[in-house]
Amino acid sequence: MQEEAFPLGPLAALGAEALGQPGQRTFRIRAQTEEVGATLWLEKEQLQALAVAIEQLLIQIPRPLEGEQTPSMNVFREPPAIEFKVGRLALGYVEESDLVALLVHSVDADPEGPATLVCLASRPQCRGLSRQIIEVCAAGRPRCPLCSDPINPEGHHCVRLN
């Protein structure tokens, strides 16, 4: 059962990063308003799906996208006031304010209930986040060109080779 909902509102900063060595990394999204910071832990697949969803949403918005913000991870305050593991993410667009709503459900929250955290980001912030996610995910272990499994530093046994 959900304990508390966090309506953050418009964000001053939004970014994604991976911590640890390739093959043993953990992934997080950082969100920061002027007063409050949040750290959202998630799986690499969730992060990749978020980047795709952001790009698909931005394509559907008829207004031109002006400018771009490259997220900087040094703008986030430590420790964050809000921190949890993500269960489900959703995106929406608020046409009146030209902001993208990020609705995040904690892994412990009811997926049909209200979001655990709601924040609003500008379209340039979202585009920057999407590009940063792509960079973060690509910085992992290289993939085998035959089977697409990760290649570990100690080697790789490809199932497609006899």
Where the centre of each part is set by its Cα atoms, how far does segment 87-104 sit from segment 118-148, in angstrom? 18
Just want the answer: with Cβ charges of +1 for Lys and Arg and -1 for Asp and Glu, which residue in 100, 74, 5 is farthest toward the dipole's positive end in the chain? 74
Dipole magnitude (debye, nearest 20) for segment 6-138, charges at Cβ of Lys, Arg, Asp, Glu: 340
Scan segment 69-114 for trypsin sites (Lys or Arg not before Pro) in coil per DSSP, keeping those whose Cβ has at most 16 other Cβ atoms within 10 Å, and list them by number. 77
Pairwise over distinct Cα atoms, reciprocal of the mean inverse distance: report the Kirkwood radius of segment 25-119 in Å, one decimal place. 14.6
Distance in Å, no decimals, from the C-alpha centre of segment 39-64 to the one of segment 10-38 is 14
Springs between alpha-carbon pairs under 10 angstrom, Gaussian network model over the chain: which of 131, 63, 141 fluctuates most? 63
Most fluctuating of 107, 136, 94 in the GNM of the chain (C-alpha, under 10 Å) is 94
Does anyone have the angle between helix 123-138 and the longest principal axis of the chain? Alpha-carbon axes, 0 to 90°, nearest 10? 20
For the chain, take the longest principal axis of its alpha carbons; what is the angle in degrees between that and the long axis of helix 44-60, to the nearest 10 within 0 to 90? 50
5 angstrom amide H check on residue 6, placed H, neighbours 5+ away: 117, 118
Could you tell me which GluC sites (Glu not before Pro) in segment 65-106 are loop residues by DSSP with no more than 13 other beta carbons within 10 angstrom of their beta carbon? 66, 68, 95, 96
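Every number here is computed from the coordinates shown, using simple stated rules; none is lab data. All values reported here derive from a predicted model rather than from experimental measurement. When we count neighbours, we look across all protein chains shown, and the Cβ atoms used for this are built from the backbone with ideal geometry, even at glycine.
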